[in-house]
1. Let me confirm one metric for peptide A:261-269, namely the mean number of other chain beta-carbon atoms within 10 Å of its residues' beta-carbons.
2. State the antiparallel share, in %, of DSSP beta bridges confined to segment C:304-456, rounding to the nearest 5.
3. Calculate how large, on average over all directions, the projected area of the Cα convex hull of segment B:53-183 is; give the answer in nm² to one decimal.
4. At 37 °C and a viscosity of 0.692 mPa s, what translational diffusion coefficient does Stokes-Einstein give for segment B:45-301, taking Rh as the Kirkwood radius over Cα pairs? Give it in µm²/s as a whole number.
5. Round to the nearest 10 and give me the degree value, 0 to 90, for the angle of helix D:140-153's Cα axis relative to the longest principal axis of chain D.
6. Within a 10 angstrom radius of the beta carbon, how do A:M258, B:M157 rank from fewest other beta carbons to most?
7. Using a 10 Å cut-off on Cβ to Cβ distances, tally the other chain neighbours for every residue of D:108-117 and report the average as a whole number.
8. Give me the angle, in degrees from 0 to 90, between the Cα long axis of helix D:170-182 and the longest principal axis of the Cα atoms of chain D, rounded to the nearest 10.
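Please treat every number below as a calculation from the coordinates, not as lab data. Values in this document were obtained by computation on a predicted structure and should not be read as measured data. Virtual Cβ from ideal backbone geometry, glycine too; neighbours counted across all protein chains shown.
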Amino acid sequence: MWKYILKRIIALIPVIVGVTLIVYFIMSLAPGDPATTILGDQATPEAIAQLREEMGLNDPIIIQYARYMLHLARGDMGTSYKTKKPVSIEVFSRFPATAKLSVMAITFSTILAIPLGMLAAVKQNSFFDGASMIFALLGISMPIFWFGVLEQLLFSLKLGWLPSSGNDYWYSIILPAIALGFHNIASVARITRSSMLEVIRQDYIRTARSKGVPYGTVIRRHALRNALIPTVTVLGIQIGALLAGSTLTETVFAWPGMGRFMITSISGRDIPSVLGCIIIFTLCFSVVNLIVDLAYGFIDPRIKGQY
Amino acid sequence: MAKKKQTETVVMTANGEQVIKKQNLALETWRRLAKNWSAMVGLAIVIVLVLCAVFADVLYDYDTQVIKQNISNRLQAPSGEHPMGTDEVGRDVLARIVHGSRISLEIGLAANVFSLTVGGILGAIAGFYGHRVDNIIMRIMDVFLAIPGTLLAICIMAALGSSIFNLIIALAVSGTPGYARIVRGAVLPVRDMEYVEAARAIGCTNKRIIFKHVIPNSLAPVIVQATMHTATTILTIAGLSFLGLGISPPTPEWGSMLSAGRAYIRGYAYLTTFPGLTIMITILAFNLLGDGLRDALDPRLR
Amino acid sequence: MKKSVKILALLLALCMLASMAACGSKQETPAAPANNGSSTETKTETKTETKPEAKPAADLHCAVDAETVVVCTADETPSVTCRDHNAVAGGYVNHLTYETLLALDRALAPQPCLAESYTYEEQADGSVLWTFNLRHGVKYHNGAEMKAEDVVASLEEAKVMPKVATYAQSFNNVTAKDDYTVTMTTDGPSASLLYDLCSNGNSICPADLIKSGHDFNVEPIGTGPYKMTEWKISESLTFVAHEDYLRGAPQIKTVIWKIIPEGSARTIALQAHEVDYVIELDSNDMKLVEDDPNLTLMNIDGLSHNWLTINNEVKPFDNKLVRKAMNAAINKEDVVTVALNGAGIVAPGQTPYGQLGFDGTGYDHYDVELAKKYAAESGVDMSTISFDIICSDDTKRRAAQVVQDNLTSLFGMNITLSSMDLATYLSETAAGNFEGFIGGYTSSDMMSFLKGVYHSSNINASNKTRTNDPQLDAMIEKALATVDNAAREEVLKECSRYLNELCCQIPLYQKATLSAHNANLQGCFTGASGRFWVEEWYWE
Amino acid sequence: MNEEIKNTKDLELDIKNLVVEYRTPGGVTQALNGLDLEIEKGKTLGLVGETGAGKTTTGLSILQLIPDPPGVIVDGSIKLAGEDVMLKSEKEMEKIRGQQVSMIFQDPMTSLNPVMPVEDQIAEVIEMHELGEDGKPISHSAAILKAKEMLELVGIPGDRGTEFPHQFSGGMKQRVVIAIALACNPKLLIADEPTTALDVTIQAQVLEMMKGLREKYGTSMLMITHDLGIVAEICDTVSVIYAGRVIEHGTLEDVFDFTRHPYTEGLFNSLPDLDHRENRLKPIKGLMPDPTNLPKGCAFCPRCDYAMEICKTEKPPRVYRNDEHYVECFLYNEQNIKEGGLLGR
């Protein structure tokens, strides 16, 4: 198993190189000079030239990229163009907030989605099936920034229950986590439902019923665990969507996370910061998927032996 | 020996049934789909949207009703004359939503066709040739997959600037690896099936096998993905608009309408409500239809 | 389903309880009675002595307590140093922690601040020697006293920091004559020196810290009314009162500086009493704030001058009459209504209204007939003109739509709009890769406005119309060298009139500075530049 | 005329005129078409027929586990030891399943839950139905203990109980399935092709074992199979099912030695004759009729070498050769059925 983990981690290296390559070149070729962007509308030509020199922007892009990668190989993610702080500090000071938000959102959506998908499958083609799937789909259907504002209007302004933005109290996370998590209910509920539909047609479910086990118990004891395998896969993949969704959610709720930082970095052409975020996002995504793959082992004994 | 003989009869019987079914696959799928009321609702909405898009010009004239401003008439609440009110420069919101269906569907369709073509071909090649080719293509796709689609689209839009064409490119690029993965996944089992072996045995070229055998068999998951991805596309456009990377006015695009309207959400809620609901219903419809199609096309649930 | 609804309700109820509990604890923060001087007589020896403090806080509906203000702004400062950014957001926080030799007063005139007084005399070589006498006993946040060497070190550092160097060009040879006297020279008479010294980039910091490489971005040390105690990245900055502040310790002891990027979210937070003061109020929410008795709206005529900029190097915009025709054809009232929701005024001239040296004479207002006349005289078939307008945010997009509609319906011009993000917009427009865009320039004095927007030396930078007019350059340089206010005003007015005639670009609006705060917060004055003085605030 | 005799029989299972349909949008499949079946206490009935004839449906009907939708029991009665299961509630059925009746399914590979240790799967049925010594429901540890005993009984070391199904071979999985089925000493065991998925050598072992266990516990058995060899080995009576109907029924001897129905005949002819290997196999021509569209008359007539005009239009009546043995075929009447078959057997 450790060998397997090690293999996966080594396999990450080309992915990181690929990701940085793509993003570095997209960002470098993008119109919009970082120096001009920092200095703004009222800059003088001399100031722009001076800053470009300071930032090392006058070298060819290939050289800049190579320099960046050399630093990265030594674990140095460079310095933010905009704030001049090390990117690692910029990114890691925001990472916990994003991680917390993502975990809460995943938890929220999973708690709702798995029972929803299960029940929909058990009562396939019934009214409940359709209704619960539509409910799940509502989340994916509403643009996250719109839903977020509606949440703020209702829970913060009208009812005064929860803070509208920021991260001042432990319960500040509730609204953004709901906004972000609601978006993911559909995918999780959908996959739970369809894998459940498949599982409840399996012979071993029939075997269990032939033993005289009540249907509800059969579903809980036999079907759920088997149906969870694809669900867990989707949860892993959802992390990607979640991280992307966090950019919007964090902006709406002034959540001090990486997504928001990445957006401002992109628009500020702060290439080292963008790359820092992308690398962390990629690492997260990969590590979560590794954990998911390992989790199969705990859910499904058949897979355990294969590592 | 006895057993074997009989098993074969059985297989034949079973196959006999399958053969009959295969001929009517489209019909059968339709029958199963028709039974699913939520999928039918989705389909009905999609049809209405397509009709809106096709007949948009008949309903509202683009130059005089959709983009023409009328400042004195700005921010009118919904009324008989303007069922969804007017926006900040006095344009009829309904007219813009109707014409917006054209933009959204166009972009969704174009981005999907692009992703599907490129991703599909890459995935098919990867799945079909396997080994080295597969490894190289899929590792590249993994790199793209590792970047969340929306973020990739944001980067590309920032780099290319905002126009409908660039938006299509951005969405298409971020959608490609998904298709590649799906098609490859669909091709892998097909590749080893006997009839492909047979086709190879009679000297079919690989290209011919891909187009004649492999692709038709990968259709089901691709249809589902296309339906779902259209919904995702529309949502991504809205997100990009929110970040100021969407489509330029006065083009009536739903996402940019919603995003522009959010500044007015407190005083003139209808400016967000109607575009928001439109997006919501559209995405809902595509997802319902996609879910229905998935169920209908899934042989395991047949 | 039912169960999940119940669970949700329970969860929400729990949250409510928790938030109530949190509110309770908030009010218990021990707070000295401060200068409010109210209700101190109820003080008892019991443990509940903080209660009287809690009550007024509840009445005030303030976000935290009666000694704290929560300020909310859209953008996070890139840096809390004074010389490593040139962001507006950074300027706000710089005003809390740093001070400059001179500072602009409410009427935007430079007044002594850390310097007590100054004199200047012309030298034999034509340069001018300025002598600044510093205040005595000004304490930094770390307790050290401000001395002349600090001024020297600070101004010299400003010269080499690219983000602020622009404001450090006018002075040279900064030297400390004694602990409380600083001299510097300018190349000839300079009106801009005094304004430059007011700029945040020229804030005074302790020389020893500058030399030892102290990280001002972690611990900004200046002489300002507040010192920063905490910076939660992306979230908030916390400042506490500088008790040794030269004008006396501020009444508000704690300032929490929150970052909320979304306009509607800022207003919601204000209305929900999560914050007390919103710096950038979304113009769409103006009416909501006005209608709310608990809130006060501040709508100040701003200095930000915004235009439809057209590239004068591109045909047919090199033709003055074409520009004038376009200028007269655009209904600016509509632009203000649509783009700003009324929170601003129609720009009445080519230079910012409200600043020393403004003159609207010769400027054409919205007049369709006049527009047609200019168009006819220009000899250009206006309907053949097609161009693209770049817009980089929602307000600009709205403005551009009105422009597009006006010019299309009057002349049949073919106009497209393109959205660009700020970075692309800045680079493209600076490089002249554009035909038209909606842009603007904010400056607190007319000289830097004219120099930045129209001087030929700023082509490829802030002179985006790419105007290259030697006569205009000469006038601007003359104004810069005129130290006397009245004389300078005359030169500037002449310049304004000249520009009204030249019509390099099409002024649209001057954006108002909109801010809003809890009605119980007093002493809030906002200047036209958007500057405000937290040290003067108090709760009542 | 046979009523009185029948009533005196001590029947463990008595199915009368069972009609089951699968109603799908594609049409109504007639799975069972008036099926009659009887098993005496302690006896074994072989239910023989091709795939799709309705054998498994019969088994599932007894347990009331027909997938619904689309399956519907339209008509008929199923009596277990005299009690009609169709009248039982789901709760009552749960008590019957696994305790009074249990079923061994066709494919041991898929019949076990892949993510549950096998001893837990055996213990589950014990926990469901058995009481501990204190009269309360049996404890988990006691159930596990009993499960291990059951494993030993079917020839698997008890300490392998903590393993998962994928760690067992096919034959061993089937043993586990049998252990589950027998764990509560059911009165009736339904074995749905229990050996089809197994190797021939394993088949024999499993059959031997089942035979032994049946004798040990006196269990009645419904042996569903298409393998006549197994029937000969293990059954007391045989019912041949075709298109959801029993077309020939009798004791083992009746059916094997006095074969009357052309279909049964066909089944025998499909078997290779080891003594006369030069004889060619004579498979039954054609395929099973489409169950959604059964012929109007005899369901077998399109494939029957002896078909007559009447076969196409009318359902053949039941003709008895003796008290037990009957056929549904127009070839026979009360006279000629006793005189030996037209088929030369």
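1. That average works out to 6.
2. 45 percent
3. 10.1 nm²
4. Translational D for this selection: 165 µm²/s.
5. With both axes taken from Cα atoms, the answer is about 50 degrees.
6. The fewest-first ordering by Cβ neighbours comes to B:M157, A:M258.
7. 6
8. 80 degrees
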